[in-house]
Amino acid sequence: MALGKHWEPREHEKDIYRRWEESSAFVADRDSGKPPFTIAMPPPNATGTLHVGHSIMLAIEDAMIRWRRMAGDEALWVPGTDHAAIATESVVIARLQKEGMADPRGTLGREELVSRIARFVEESRATIRSQIRAMGSSCDWSRERYTMDASLHRCVNEVFARMFRDGLIYRGPRIVNWDPHLQTTVSDDEIYHETRRAKFYTMRYGPFLVGTSRPETKLGDTAVAVHPGDERYREHVGKTYEIAWPNGPTIKVKVVADESVDPEFGTGCLGVTPAHSAIDFEIAERHGLPLIQIIGEDGRMTAAAGPHYAGMTVLECRKAFAAELEAAGLLAEVKDYDQQLSLCYRSKKPIEPLPKEQWFVDVNKAAVEWKGARRSLREVMRDAVESGDITILPGHEQRKYFHWIDNLRDWCISRQIWWGHRIPVWTRGEGELHVGHVPPDGDGWTQDPDTLDTWFSSALWTWSTLIDPALCEDTSLEFPELLARSPDFQRFHPTAVMETGYDILFFWVARMVLATTYATGRIPFETVYLHGLVLDRDGDKMSKSKPETSIDPLDTIEEYGADVLRLSLLLGNAPGKDLRLSDERLTGCKRLINKLWNATKLVLMTLGEERPGGVPQSAEHPVNAWMLTRLDRLVEQMDGRLAGWHLGDAAEMLRSAFWGEFCDTYLEAIKVPELAESPETRQVLHHALRTYLALFHPFMPFVTEHLWQEIGGDGLLVRAAWPTSGGREPSAVAGTDAVVRLVGSIRRVRAEQGLDPHAAVAVTVRARAHANVMEASRAVVERLVKTESLTFVGPDAELPGDAAVAVDGEFDVAVQMGAADRAAMRARLEKQIEKARGQLAGVLKRLDNENFVTRAKPEAVQRARDDAASMRTTIAAIEERLTAL
C-alpha cells in the first residue's frame, strides 16, 4: 500500500500498540537464557492522569527497554500504580463531603470508607493504564502490579515484622511533622520550605531576654537553655524560675546548660518548648524536662495554654499574646525578618511539630548483615553507593545522596489515616503484643489503627513486584522461602536501572536502597538515572496559570502523536538536565518524522516492488561503500552513547546522520544514473533505511514500526535485532569522505554568501589528496550542488581571485556565481532594498511627528524606534550582499 502524504498518528498508533500486545512483544521470557535487563516503572498514582513528569519518565524508560530488547537482552519492564495513601483518601473524602456527607469517617466508619476508596481506585486505574499505553510504553502488562496487591501487602508486613524482631522498628514518643489540614504525620522528606516575611520577637523572660518567631509556644516552655561556657548565665544554671504570662499560665522553667546552644546567636538564651520543637525535645530528653502540649492536632491552642488562649488558632494566639506582652512591657523588640516556613508538599499547608507516639525505623542500630559485617541501615545505604555497587547519574547527585544520609534521622513510618497498609501490630490487655503478616488467634486483639507511610511500601517496589503472588497466598511459607521460590525475583533482580526524577532521590530512591538491602541482601538496582524537570519555554515550571506555555501530554499526543512528544523529551536530554518543552520544539520534532516519512516514500519509489533484503558485506561503488561505512560508524557511536545512558546525545547523533548523510547526501547522490541503475545501490539503500528505522525505533516506535512493515521488514520491528557494525575500515572510503566534505563546503559557502539555493555556480577544486576519487565522483558533486561548471586543478594551481574560498585539510574549493544568476540575484536584492528603504522612511516620518512622539503610548514609540533600528540592520545586510556581487 502506498504511503500517504503525511504520517497520521491518530489512524495508526492504537492499532500498532494492539498488534504489539497481541503478539506478546512486551512479555519477558524468564526461561530464555538471555541476559536480563529489568526496569521497575515508578508507579504513578492509580487515580491520577498523565502529566509531563510521567511522560519524560515513560519516554526515557521505554527507549532503554526497547534498545536492550533489540540488543538481545531479556528485557522486562514492570508496570504498576501506587495507592497514594494521603492523596487518594483526601480526594475521596472531599468527594463525599461535596455530596453532602459532612463527616465521612464518622458516618461510614473505617471498613466502609476503605471499601469505597478501594472501589474508587479500581474504577480510576483504567485511565492511567490507557495513558501509559498511549505513550507507546512497551511494558509487560502480564506482570502489572499495584502497591495494595495482596502479594505486595504480604511483603510489606513481612518486612515490618522482620525489622521489628531485629529491633529496627520501635514505637515511641517523638516530635513529628503534623499536618493539621490532612490530620496526619508527614515525613521529613515530604516537607518543603518557603521564605515568608514574619516578625521576630525578643521577650523579657524573667531575668533573660529570649528571641523567637513563635511567641505563642512560650506558653508551653519548661526550660531556658544556655551554653555551658557562657559566663553571662553561669550563676543561673540549675535554678528554676516562675514566669507569669499575661492572661496565660504561670510556667516553671529550669535553666539548663546544653552544648547545642549557640552563645553567639541572639541573646544566647533559648526558650525550650519540648512539645513543639524537635531540637527542644532532644534537649528535654537529655535533661529530663517535662512536656507541655499547648497546640492540638487541630492546630488550635489547648487548655494548657490557659483559658484566655484555648481554642484560638496558632496565628490568632500569636497576635493576641504579642499584644498582651507589649501591654505588659515584656516585648523588648519586634523586627521583620525572612522566615523559612515548613509546608507539607501534599497539602501546601504549614506543618506543626507535635509530640506523638509513632512507629519509627532506627537507621543507626547495627543490626544488618552486609558484606560480612554487622552494620546500621545508614552505613549500608552509604556503602551501596560509595563502593560502586550502585551508580547515580548525574554524578553530582551522589554528593546530595551522601549529604542526606549523613543527616538522616530515624524514619517515622506511621500515618494517622485509614487508606493504606495498616500496621501489622495487634495488642491485647496490658502486655500482649503480636507482630506479623497473619492476625493472631483468639479474641480481644486490637490492631494498631495507623497505616504505614506510602514510601514504606514503595521502598520495596523493585523486588516485591517480582514475588510470585501464588506463593504469597501460602501463609506458612517463611519470607526467605518466598524470595528463593519466586522465579521472577531470582531471574530479574536486582533491576538494571531505576529511572526517576531527581526531585525524589530522597523520598524514594534512598529508601529503596535501605529497604531492599535489608530485606533481600541485594541492591535494588545497578544504576540510578535521574531526569530533570520539564519546564516551559521560559524556563519556568509548567503551570495551569500559564496555559499559553504549558504543554499537556495528552493534548500533545492527540495533536501530534506520541512519537513527536517522545522525541521532544529525548533529543538533547541528559541525566539531571532540566528540559524546556515548547510548541516550537514539538514542531521541530514533527519535521524530523515527516523527513523520515518522505525519505521512506522516496526509497519505496526507487525500489518499486523489489525488497532486496540481506546485509551487503561490501560495495563496489565508492558512494555505496561510503554509506555502509558511515552506518557502521553510526551504530558504533550510538552503542557507546547508549551504553553510558546518554540517550539525548544518541538521538541527536542519529538525527544529524540521518538528515545530513542519508537524506541530503546519499539519497541525492544515488539519483546519478550510474548509481540509480545499479542493483547494488538498491540493496544498500534498502539496508540503510532498515538500519535507520531500527536505530530510531526506541525513540519513536510507532512511525518506525509502520514504515518497517511498509518496506518489508522481517516480523515486528519491536522484536527485530539491533543493528550491528560490519567493522568496515573507514580509511577505505577516505576519498568519498573527502567528496562529501567537498559538497558540504560548497553548500556552506553558498549559504554564507547568501546565494540563491537554485543558482548555478562555477566551482574550482584544488585537490591535495584523493584527486582521482573526486574526479570520478564528478557526476555526484554536480548533482548535489548545482554547478555551472566544475573544474579540478592540481595542488599548485591558482584559484580564481574573485571567488569565495573554503579550505579543508585535503582540498581548497572556490565558488563563483554564474553571470546570469548574479544579475538576477542583484535585481532581487535591489527590489528588497528599495522596499526596505521605503518602510524605513515611513517609520522615520512617524518618529519626526511631534504629535506621535508626545501623545502615543511610550511602548508604541519605543516599538517604532526598534522597528527603525531593525530596518537599518536589514538594509545594511542587503547592501553588503550587493557589494559582494
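The values are calculated or read from the model by the stated rules, or taken from the named source; none is laboratory data. What you see is a predicted model, and the numbers here were worked out from it, not measured in a lab. No Cβ is skipped: glycine too gets one built from the backbone with ideal geometry, and neighbour counts run over all protein chains shown. The protein model used for the area step is the full one, side chains on, heavy atoms only, and it has no ligands, DNA or RNA in it. Shrake-Rupley method; radii C 1.70, N 1.55, O 1.52, S 1.80 Å.
Odds and ends about this structure:
- Shown here for region 513-617: GluC sites (Glu not before Pro) in loop regions (DSSP other than H, G, I, E, B) with at most 13 other Cβ atoms within 10 Å, namely E548, E609, E610.
- The modelled label-to-label distance between L844 and E729, using points 7 Å beyond Cα along the C-beta direction, is 6.7 nm.
- With R₀ set to 56 Å, the beta-carbon distance separating A118 from K335 gives a calculated FRET efficiency near 0.60.
- Only helical runs count toward this figure. For the chain, summing -39,500 (n - 2.57) over DSSP H runs of n ≥ 4 and dividing by all residues gives -13500 deg cm²/dmol at 222 nm.
- With respect to the chain, whose longest principal axis is taken over its alpha-carbon atoms, helix 622-643 is tilted by about 10°.
- Annotation: the chain has a Kirkwood hydrodynamic radius of 33.1 angstrom, from the mean reciprocal C-alpha pair distance.
- Helix axis angle, 396-406 relative to the chain longest principal axis, alpha carbon, degrees: 10
- Carbon and sulfur %, accessible surface of the chain computed with the full protein complex present, 1.4 Å: 49
- In region 770-821, a dipole from Cβ-located charges (positive for Lys and Arg, negative for Asp and Glu) runs towards its positive end, and of V785, L799, N772 it is V785 whose Cα lies farthest in that direction.
- Computed FRET value (nearest 0.05) for R863 with K319, which takes r as the C-beta separation and R₀ as 45 Å: 0.35
- Per-pair calculated FRET efficiency, R0 = 35 Å: Q637 and D29 via Cβ, rounded to 0.05: 0.70
- Exceeding the 24 Å Cα-Cα cut-off - candidates K14/K34; K335/K541; K98/K541; K5/K671; K218/K356: K14/K34; K335/K541; K98/K541
- Estimated inter-spin distance, R537 and A797, nm [label 7 Å along Cα→Cβ]: 5.0
- Heavy-atom surface of the chain, accessible at 1.4 Å and reported per residue (Å²): 44
- Applying a DSSP loop filter and a limit of 10 other Cβ atoms within 10 Å to the trypsin sites (Lys or Arg not before Pro) in region 85-135 leaves nothing.
- Computed about its Cα centre, the charge dipole of the chain is approximately 1700 debye, with only Lys, Arg, Asp and Glu carrying charge at their Cβ.
- With 0.36 nm allotted per residue and the present C-alpha distance subtracted, the E235-E264 stretch has 8.6 nm of extension available.
- Region 227-323: GluC sites (Glu not before Pro) in DSSP loop, at most 12 other beta carbons within 10 Å: E259, E264
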